[in-house]
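Colleague: Here it is, the structure, as structure tokens.
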Amino acid sequence: MRFYLALWFAKILNFLIQLIDKNKGSNFSGAKALKIDPQMVSHFKGIDYAKILFITGTNGKSSTTHLINHLLAPYPLKIITNLEGANLLPGIATSLSKAANWRGYLDYDYMVFETDERYLPLIYEQLPAEHLLITNLQKDQVQRNGDPDFIVRKINQIMNPKLNLYLNNEDPRSKAFEDQGASTFYYSVAKHEETFRKPDSFPSLSCPRCAHGIRYTYFNVDNIGDFHCDHCGFSSQENPDARITDVNFKDKTFKKDGIRFPMPYDLPYMLYNYAGALLIMDKLFHKEIDACVPVFDDFKNIAGRFEKIPYGRKTIKYMRIKQENPDTLQNTLNVIAQDPEPKAVCIGLYPVEDIVPYYTNTFYTFDCDFGPMAAANVEQFLCFSPVVAYDTANRLIYEGVSEEKLYIQPNGDFDEMLHHISEMTTDNIYLITCLASYDELNTQIQEKLQ
Amino acid sequence: MKTLRLAWLFPDNFNLHGERGNILALHRLCGMRNIDLQIDEIHLDSPFQPDVYDMIVMLSGEISLFPRILEALTPHQISLKNYLKDGKPMLVTGTSVALWGKRILREDKEIIEGLGLLPLEVKENVAVYGDDLIYQAQYNGRSFEIIGNQIQMADFNYEDNDHPFGILTYGYGNNGADCYEGYGIHQGIFTNTLGPLFILNPWLCNEFINVALSNKNEETTENLTFNIEQKSFEEKKKYIMGKKTNLRPCRGAKQ
């Protein structure tokens, strides 16, 4: 009876939220309903666990979930998903309450859920999916997640012989789960023109099997690339099940099995999302890969390589970084380093103000290689955030940037920052900051331009 | 030119939280002082003789790797004890400090016996605690105000509080209860501080180098200026002492 009360309450809330704002409520009704029946998700009826896919990992789970849904759209399939991005148990409960009838029955062909990696065991306990795609397991949000092993242990809790695994072939931590499922499929991205290496002064990674150092032949994304362990032989598969090749950033295309695909977002990390989605289309949904080609063309998800904001004669190019996440920062640095033109780089790292206590973490910047960017014809660096602007400047000094090239603006005032940008000799301005700071700056620019 | 030899223990294993920055700071400061810093990376299969080094550094790492690292370090237990006893400088940061204590109780009840060089019992926590740190530290007979961050995966309970590395002004420190931060034994620094510690506090890094030099009867110096780091310290201290916190003891201005 509790389940029915919870379900009906959720349905009523869903209806009311729809009346107010159709874009809201991806989490709310589920959160309230779980208070009535904490095991609500396990009580839905008509569920075939063999038809549920969870997508988890540090980076790319949202984009991969969106792409899989997009690729499935042309088929007459009933898909239950959480595209609004609520990837904890309440988000799943909300999606199921919307899809179920009043008696709690679910009529569907597949469920495709993005699931938060830290809360995966809690979700799995109530909804034991038989398919799991792991995008990658990296250093991220250390105030919540601590170290990558903290997440590895969470995922280990759900490993069992019924689980079919879809793993990133070039991420050692993800690939190390390969022997723990009913079947394992690998997705991969071949070396391409934006593949990079890091100087030897950067430590590597412990082999998840034997703890000796992993050696990377190259990186496609920070800490993701063709790898091997000289000690125990653990390595990327030579013949993964899905591999993206012939990446052409100029034409914005790539190939899989010789078939040319359009590349809607030309970022190295997106290539892994493409590979993962195509692997799922092939191995889980058994769809013809060439049928996916035209669907790729109109895939709309997140921003492209960078947002361009015209500001007077200047063009400000913004690439999103996530604070406490060295991979997104490294990706941005790599893109800037490839531009040989004179430029200025504005960096706004902020205190991490996610949960109380807020804190002044900038240490993740030392996991990144600033060298190629610092040497890429940068005329001036502007460090503009409050509290940690001096730490940002210091990080650049450690990369050999002279103090004369640094302008430190510790008050974080955007007016002052824009004034300084106006006076720069170059019109080619790069902006590295988090999304909230970018949004605020962009609003000020638009107001100034009106 | 003076030369210092540094052993960087298990860099591929213990390198969380941008901690390689400590090595960069040592390198930079040695460069500023015209000292040739020779860095030997000690890996699981490397030969290792602690007494040939002037400085030893082990940075923050995951507990899951401790059994394998202990296998490699246990044969050197006595040499490491003697290294510390000889007053040579050692820096160990973050969760890796646990490995030098007596035992670690993991969340899943597994017990890992440590090297036993510190009077320390460690209990892994279910949740992570991340925050800033400010404390007053004593090192080589001098007092330093230190700033940094910590990502605490465990509570560190020392059998005595006679040798804390620092007394907290703000932060969780060893266990969120006793207002002590880390442990100091001879010239060894065992601390929860990340940031990296030597990047944010180059004055301490400089003293660490001084200790290594005095052990070789070389001239030491305090005449280095760190304007950017000093300004960073002031900005952040202001922020930290005024921020909202759930800490009970050691909560800075709100105490």
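The values are calculated or read from the model by the stated rules, or taken from the named source; none is laboratory data. In this text the structure is predicted, and so the values were computed from the model without any measurement. Heads up, the Cβs are rebuilt from the backbone with ideal geometry, glycines too, and the neighbour counts pull from every protein chain shown. To get the accessible areas, we keep the full protein, side chains included, count just its heavy atoms, and leave off ligands, DNA and RNA. Shrake-Rupley method; radii C 1.70, N 1.55, O 1.52, S 1.80 Å.
Colleague: How many residues does the stretch A:371-390 contain that are under 25 Å from the mean Cα position of the chain (by Cα) and surrounded by fewer than 21 Cβ atoms within 10 Å (Cβ to Cβ)?
Modeller: Total meeting the criteria: 2.
Colleague: Let me ask another. Restricting attention to the stretch A:411-424, does a residue exist that is open to solvent by 10 Å² or more (accessible area, probe 1.4 Å) and within 14 Å of chain B (Cβ to nearest Cβ)?
Modeller: Scanning the stretch A:411-424 turns up at least one residue that is open to solvent by 10 Å² or more (accessible area, probe 1.4 Å) and within 14 Å of chain B (Cβ to nearest Cβ).
Colleague: When you scan the stretch B:156-202, how many residues do you find that are of a type in the set (A, V, I, L, M), within 20 Å of B:G130 (Cβ to Cβ) and within 10 Å of the chain's Cα centre (by Cα)? So that I can check it myself, show each step before the final result.
Modeller: Quick first cut of the stretch B:156-202, residues of a type in the set (A, V, I, L, M) only: B:167-168, B:177, B:185, B:189, B:194, B:197, B:199-200.
Next, only the ones that are within 20 Å of B:G130 (Cβ to Cβ) stay: B:168, B:177, B:194, B:197, B:199-200.
Restricting the remaining residues to those that are within 10 Å of the chain's Cα centre (by Cα) gives B:194, B:197.
Adding up the residues that qualify gives 2.
Colleague: Given the options A:R173, A:R153, A:R118, name the one that is without any contact (Cβ under 8 Å) to a residue 12 or more places away in the chain and not small (G, A, S).
Modeller: Result: A:R153 is the single residue among A:R173, A:R153, A:R118 that is without any contact (Cβ under 8 Å) to a residue 12 or more places away in the chain and not small (G, A, S).
Colleague: Looking at A:A211 and the list (1) assigned to a loop (DSSP other than H, G, I, E, B); (2) touching an Asp or Glu at 6+ places or on another chain (Cβ under 8 Å); (3) open to solvent by less than 40 Å² (accessible area, probe 1.4 Å); (4) not aromatic (F, W, Y), which single condition is not satisfied?
Modeller: Going through (1) assigned to a loop (DSSP other than H, G, I, E, B); (2) touching an Asp or Glu at 6+ places or on another chain (Cβ under 8 Å); (3) open to solvent by less than 40 Å² (accessible area, probe 1.4 Å); (4) not aromatic (F, W, Y) one by one, A:A211 breaks only (2).
Colleague: Among the residues of the stretch A:218-265, which ones are in contact with a His (Cβ under 8 Å, 6 or more places away or on another chain) and free of Cβ contacts under 8 Å to residues at least 12 places away in the same chain?
Modeller: Of everything in the stretch A:218-265, just one residue is in contact with a His (Cβ under 8 Å, 6 or more places away or on another chain) and free of Cβ contacts under 8 Å to residues at least 12 places away in the same chain, namely A:S235.
Colleague: Out of the stretch A:354-374, which residues are under 13 Å from B:G130 (Cα atoms) and more than 9 Å from chain B (Cβ to nearest Cβ)?
Modeller: Correct list: A:D354 only.
Colleague: Taking only the stretch A:425-450 into account, find how many residues are open to solvent by 70 Å² or more (accessible area, probe 1.4 Å) and either touching a Phe, Trp or Tyr at 6+ places or on another chain (Cβ under 7 Å) or charged (D, E, K, R) (or both).
Modeller: 4
Colleague: Still on this structure, please answer the following. Would you tally the residues in the stretch A:344-358 being closer than 20 Å to A:D327 by Cβ and over 23 Å from the mean Cα position of the chain (by Cα)? Step through it out loud before you land on a result.
Modeller: Here is the first cut: in the stretch A:344-358, the ones closer than 20 Å to A:D327 by Cβ are A:345, A:347-350, A:352, A:354.
Add one more test, that the residue is over 23 Å from the mean Cα position of the chain (by Cα), and what stays is A:345.
Total meeting the criteria: 1.
Colleague: Would you check which residues across the stretch A:127-172 are within 13 Å of chain B (Cβ to nearest Cβ) and part of a loop (DSSP other than H, G, I, E, B) and list them?
Modeller: Matches in the stretch A:127-172: A:L137, A:Q138, A:K139, A:D140, A:Q141, A:G146, A:D147, A:Q157.
Colleague: Could you identify the single residue in B:D160, B:D178 that is surrounded by fewer than 16 Cβ atoms within 10 Å (Cβ to Cβ) and farther than 18 Å from B:I104 by Cβ?
Modeller: Of the residues listed, the single one that is surrounded by fewer than 16 Cβ atoms within 10 Å (Cβ to Cβ) and farther than 18 Å from B:I104 by Cβ is B:D160.
Colleague: Name the single residue that is farthest from B:G18 (Cα to Cα) among those in the stretch B:211-231 being touching a Pro at 6+ places or on another chain (Cβ under 9 Å) and in contact (Cβ under 8 Å) with a residue 12 or more places away in the chain.
Modeller: B:N215
Colleague: Let me ask you something else. If I ask for residues that are part of a loop (DSSP other than H, G, I, E, B) and crowded, with 22+ Cβ neighbours inside 10 Å, which ones from the stretch A:358-368 would you list? Explain how you work it out, then say what you get.
Modeller: We begin by selecting, within the stretch A:358-368, every residue part of a loop (DSSP other than H, G, I, E, B); these are A:358, A:360-362, A:368.
Result: A:T360, A:N361, A:T362, A:C368.
Colleague: Can you pull out the residues in the stretch B:207-255 that are open to solvent by 70 Å² or more (accessible area, probe 1.4 Å) and touching a Ser or Thr at 6+ places or on another chain (Cβ under 8 Å)?
Modeller: Within the stretch B:207-255, B:K254 is the sole residue that qualifies.
Colleague: Looking only at the stretch A:325-353, count every residue that is over 20 Å from A:T58 (Cβ atoms) and either among the β-branched types (V, I, T) or within 12 Å of chain B (Cβ to nearest Cβ) (or both) and tell me the total.
Modeller: Of the stretch A:325-353, the ones over 20 Å from A:T58 (Cβ atoms) are A:336-348, A:350-351, A:353.
Keeping just the survivors that are either among the β-branched types (V, I, T) or within 12 Å of chain B (Cβ to nearest Cβ) (or both) gives A:336, A:345, A:347, A:350-351, A:353.
Result for the stretch A:325-353: 6.
Colleague: Could I ask something else about it? So, B:G171, is that one open to solvent by 10 Å² or more (accessible area, probe 1.4 Å) and on the phi > 0 side of the Ramachandran plot or not? Can you show your working first?
Modeller: Numbers: open to solvent by 10 Å² or more (accessible area, probe 1.4 Å): no; on the phi > 0 side of the Ramachandran plot: yes.
Spelling it out, it is not the case that B:G171 is open to solvent by 10 Å² or more (accessible area, probe 1.4 Å) and on the phi > 0 side of the Ramachandran plot.
Colleague: Specify the residue that is most open to solvent (accessible area, probe 1.4 Å); the eligible residues are those in the stretch A:98-126 that are in a helix (DSSP H, G or I) and within 14 Å of chain B (Cβ to nearest Cβ). It would help to see each step written out before you state the result.
Modeller: Taking the stretch A:98-126 first, the residues in a helix (DSSP H, G or I) are A:98-99, A:120-126.
Cutting the leftovers down to within 14 Å of chain B (Cβ to nearest Cβ) gives us A:121-122.
On the way: A:P121: 23, A:L122: 91 Å².
By that ranking, first place goes to A:L122.
Colleague: Now a separate question. Among the residues of the stretch A:191-235, how many are within 14 Å of chain B (Cβ to nearest Cβ) and small (G, A, S)?
Modeller: 5
Colleague: Keeping to the stretch A:54-84, report how many residues are under 20 Å from A:I155 (Cβ atoms) and either surrounded by fewer than 18 Cβ atoms within 10 Å (Cβ to Cβ) or of a type outside the set (D, E, K, R) (or both). Outline the logic, then answer.
Modeller: Here is the first cut: in the stretch A:54-84, the ones under 20 Å from A:I155 (Cβ atoms) are A:54-65, A:68, A:82.
Retained after the next criterion (residues that are either surrounded by fewer than 18 Cβ atoms within 10 Å (Cβ to Cβ) or of a type outside the set (D, E, K, R) (or both)): A:54-60, A:62-65, A:68, A:82.
Within the stretch A:54-84, residues that are under 20 Å from A:I155 (Cβ atoms) and either surrounded by fewer than 18 Cβ atoms within 10 Å (Cβ to Cβ) or of a type outside the set (D, E, K, R) (or both) number 13.
Colleague: List, please: which pairs have Cβ atoms under 8 Å, are six or more places apart or on different chains, and start with a residue in the stretch B:23-40 that is more than 16 Å from B:W8 (Cα to Cα) and of a type in the set (V, I, T) and end with one that is modelled with pLDDT of 95 or more and open to solvent by 20 Å² or more (accessible area, probe 1.4 Å)?
Modeller: Every condition considered, the pairs that remain are B:I35/B:T3.
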